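Report on one structure; see the data block that follows.
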Amino acid sequence: MGFSTLVLAAGAGTRMKSQKPKVAHEILGKPLIRWVIDAALEAGSDEVFTVLGHGREITEPLASDTNIIIQDEQLGTGHALMIAQQSLEAAGVDTLVVLSGDTPLLRAATIQDLVSAHLSRGADVSLLTMCVEDPTGYGRIVRDEQEDFLSIVEHKDASASELAINEVNSGVYCFNTANLFDILKDLQNDNTQGEYYLPDVAALTLAQGGDVAALLAEDAYELAGINDRVQLAEATAEASWRINTQHMLDGVTIIDPSSVWIGPDVKLASDVEILPLTTLTGNTSIGSGSIIGPMSRVSDSVIGENCVVDDSVLIEAVLEDMVSVGPRAYLRPGTIMRVGSKAGTHVEIKKSDIGPGSKVPHLSYIGDTELGENVNIGAGSITCNYDGANKHATRIGDGALLAVIPCSSRLSLWARMP
Ligand code: UD1
Ligand code: CA
């Protein structure tokens, strides 16, 4: 079942009213366009192409693992395909899935189902439709009395009777490229918006005697396009509900799922407990028996088994097993907490290795430091290591007890080694 995927993401997304291109907005810490690219890759797409344009300095790094095609002037979704044609032909793509960069909830399985239906029927164009309560903004699916597909009419071009149709175009297509490239030659922009509409390819294919399959998808939520921030919030709630439900079914306790936000790439072992008002994002993983929250934010961190993270923030930190963090600790990138260690109340740690059983219980800043085993850092200690030009590492050996030393700079001199 060989196919490639093209993700359309060149538009500005004016309805977001944002400086940032629409597809760079995030759901649960992951940009919209990444959700779409990852679904295509998971579905087994041979190659992924992305059409970028507006705000490309922001979108290009998000799509760096794809074949990037630049559409400088955005003259419509059909125009985006015209721009992409050369690259697709050069890559020898026969079966092409087209997705919008603003449809983040689409599942890999749905892409696979669409491609198999398309190939087994031998269709020229297959497209997924959905029935929605409020079809505002979507292209309407016009069918004849026999329920056979006729055309797609964009909201802005629709008559009163067409506006009443609630079956709409999802913007998810599968094309036989030989037909697609043939039809693109005839595509016109004589519509209200003066744009080349990709959906017009369907009716033009029919007119030339080709076969179009307009397939009604069961799950409209999955195909929801994000055009404004209200839809962004709705999609986030839906994505979050799905993710939390799966974790709970896999043995994670989440007593208030409505206040817990877990990113799609986070890995949780069974018997992890996530308490309210907690956000876990990026490539975070948490081992069995650990309790996170309430009110904690963890991103791109690895947490071992039986740890406690209470009311704290962790960014790119590593916790081995049985580590205790918080309340109100801030562990910044490069922090490694070894087995049984502790970072207590109002403690900030950056780029430091806290040895097994070592404790930083109260009101301290530990930066660029190596602590040995079972070190105890007294309240209010600071390892300051910056001499105005260079940052020096601090090393404190096994079993050291740093009692309260009033002047922080004295501590750093004392502790600094050549
Ligand atoms: C589009 C469809 C509509 C469908 C809806 C589903 C068209 C004309 N209409 O409408 O039938 O119901 O999606 O969500 O296709 N883009 C480009 N280059 C362009 C224009 C757009 O790459 O020149 C990209 C956008 O960045 C976006 C996607 O294509 O990711 C869809 O464009 P958008 O403007 O959101 O189309 P809709 O009006 O939602
Ligand atoms: Ca859209």
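So, of the residues in the range 220-274 that are of a type in the set (A, V, I, L, M, F, W, C) and assigned to a loop (DSSP other than H, G, I, E, B), which turns out to be modelled with the lowest pLDDT?
Residue satisfying both the conditions and the ranking: Ala220.
Across the range 315-348, what is the number of residues that are under 20 Å from Gly282 (Cα atoms) and either crowded, with 21+ Cβ neighbours inside 10 Å or touching a residue at least 40 places away in the same chain (Cβ under 8 Å) (or both)?
7
Identify, from the list Ser299, Ser270, Ser240, Ser290, the residue that is touching a Gly at 6+ places or on another chain (Cβ under 8 Å), closer than 26 Å to Leu106 by Cβ and not acidic (Asp, Glu). If you could, list the steps in order and put the result at the bottom.
Details: Ser270 fails: closer than 26 Å to Leu106 by Cβ; Ser240 fails: touching a Gly at 6+ places or on another chain (Cβ under 8 Å); Ser290 fails: closer than 26 Å to Leu106 by Cβ.
Exactly one of Ser299, Ser270, Ser240, Ser290 is touching a Gly at 6+ places or on another chain (Cβ under 8 Å), closer than 26 Å to Leu106 by Cβ and not acidic (Asp, Glu), namely Ser299.
Please tell me if Thr14 is over 11 Å from Asp102 (Cα atoms) and without any contact (Cβ under 8 Å) to a residue 24 or more places away in the chain.
It is true that Thr14 is over 11 Å from Asp102 (Cα atoms) and without any contact (Cβ under 8 Å) to a residue 24 or more places away in the chain.
Identify all residues within the range 47-101 that are within 11 Å of Val7 (Cα to Cα), among the small types (Gly, Ala, Ser), within 16 Å of ligand 2 (Cβ to nearest atom) and not in a loop (DSSP other than H, G, I, E, B); write none if there are none.
Correct list: Ala80, Ser100.
Thr136 versus (1) of a type in the set (Ser, Thr, Tyr); (2) under 33 Å from the mean Cα position of the chain (by Cα); (3) modelled with pLDDT of 95 or more: which is the lone unmet condition?
(3)
Of the residues Val125, Val212, Val142, only one is in contact with a Leu (Cβ under 8 Å, 6 or more places away or on another chain), hydrophobic (A, V, I, L, M, F, W, C) and within 19 Å of Ala84 (Cα to Cα); which? Working first, answer last.
Values: Val212 fails: within 19 Å of Ala84 (Cα to Cα); Val142 fails: within 19 Å of Ala84 (Cα to Cα).
Being in contact with a Leu (Cβ under 8 Å, 6 or more places away or on another chain), hydrophobic (A, V, I, L, M, F, W, C) and within 19 Å of Ala84 (Cα to Cα) holds for just one of Val125, Val212, Val142, which is Val125.
Cβ-Cβ under 8 Å, sequence separation 6+ or interchain: first residue in the range 71-89 and over 14 Å from Ile183 (Cβ atoms), partner among the acidic types (Asp, Glu). Which pairs?
Every condition considered, the pairs that remain are Leu75/Glu195; Gly76/Glu195.
Every residue in the range 35-46 that is surrounded by fewer than 18 Cβ atoms within 10 Å (Cβ to Cβ) and in a helix (DSSP H, G or I), please.
Asp38, Leu41, Glu42
The values are calculated or read from the model by the stated rules, or taken from the named source; none is laboratory data. On a predicted model such as this, the values are computed, not experimentally measured, just so you know. Cβ coordinates were reconstructed from backbone atoms using ideal geometry, including for glycine residues, and neighbour counts include every protein chain displayed.
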